[in-house]
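Written out below as structure tokens is the structure these notes cover.
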Amino acid sequence: MNDHEFRNDLISFIPPLRAFAISLTGKVDRADDLVQETLLKAWANRESFEPGTKLKAWLFTILRNEFYTVFRKRKREVEDADGIIAANVGVHPEQDGHMDLTDMQNALARLPVDQREALLLVSASDMSYEEAAVICGVAVGTIKSRVNRARARLAELLHLKEASEFGPEPEVKAALMPKTGHG
Amino acid sequence: MNDKSGKKNKTSGHQVVKEAVSSKLKAYYDDISRQEVPQRFLDLLADLDKAGGEKSE
């Protein structure tokens, strides 16, 4: 792969990298720092990337490692920031229809980070359980259980857990209602 | 039997919740993904590409 191809491939993966980083950190500026670091590292190590393997997984691995390097440095800050993380998200508040986005960001910020990353990789970034396991350096079963726990917790946080709490989603509510009513 | 159908309903209910979570997450994620790539990244890669090309000459 020559440099121009590599550069174009990197550009094509910026949107998924940013989405992962923003969802992981809850902060656009911090996310963009992570993406920039990832691009720099990827470029510096482009010789060691094996064509034919998945560039996306490789890039996500770099970004995740970078995240944890920074995360450890800022651990105390992050631990203090339950809820504060979400409050700092600056995802185009001027646009319409972003209330849901903030709700989701708030909910994600309340997940333990290992569950959050597993969920984001598998349910949002189109990674397989196997790929997510490699990226996170844990067993496939661990990823599966983290994803399941994350989904359950997210459902609670978004009030999707019980039919009785379903205000805003009539379609899903309808789907959840048993067909045989109680009268 | 009633037990069996009750269990089935519960399972499909879980499935619906699971799918609702996933689709909400997807919608949120796609929203972020659709944002324009910040120019700083394009500039950065252009600079790297240029520097790399010069170095390998």
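The values are calculated or read from the model by the stated rules, or taken from the named source; none is laboratory data. Quick caveat: nothing in here was measured; it's all calculated off a predicted structure. For neighbour counting, all protein chains shown are included, and Cβ atoms are generated from backbone atoms with ideal geometry for every residue, glycine included.
Here is how the numbers come out for the structure above:
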quantity	calculated
Filter result (surrounded by fewer than 22 Cβ atoms within 10 Å (Cβ to Cβ) and part of a helix (DSSP H, G or I)) within the stretch A:37-56	A:Glu37, A:Leu40, A:Lys41, A:Trp43, A:Ala44, A:Arg46, A:Glu47, A:Ser48, A:Leu55, A:Lys56
Number of the condition not met by B:Ser5 [criteria: (1) surrounded by 13 or more Cβ atoms within 10 Å (Cβ to Cβ); (2) hydroxyl-bearing (Ser, Thr, Tyr); (3) modelled with pLDDT under 90]	(1)
So B:Ser12, is it modelled with pLDDT of 60 or more and touching a helix residue (DSSP H, G or I) at 6+ places or on another chain (Cβ under 6 Å)	no
Total residues in the stretch A:1-36, condition outside any helix (DSSP H, G or I) and either touching a Lys or Arg at 6+ places or on another chain (Cβ under 7 Å) or surrounded by fewer than 20 Cβ atoms within 10 Å (Cβ to Cβ) (or both)	2
Flag if A:Ser23 is over 21 Å from A:Met1 (Cα atoms) and hydroxyl-bearing (Ser, Thr, Tyr)	yes
Residue in the stretch A:43-54 that is under 21 Å from A:Asp126 (Cα atoms) and aliphatic (A, V, I, L, M) present	no
Count - residues of the stretch A:142-169 that are surrounded by fewer than 19 Cβ atoms within 10 Å (Cβ to Cβ), modelled with pLDDT of 90 or more and not aliphatic (A, V, I, L, M)	6
Within the stretch A:97-155, helices (runs of 4 or more DSSP H) holding 2 or more residues that are within 13 Å of chain B (Cβ to nearest Cβ) and within 13 Å of the chain's Cα centre (by Cα)	A:99-109, A:113-119
Members of the stretch A:2-23 that are more than 7 Å from every other protein chain (Cβ to nearest Cβ), of a type outside the set (Asp, Glu) and under 16 Å from A:Ala57 (Cβ atoms)	A:Phe6, A:Ser12, A:Phe13, A:Leu17, A:Phe20, A:Ala21
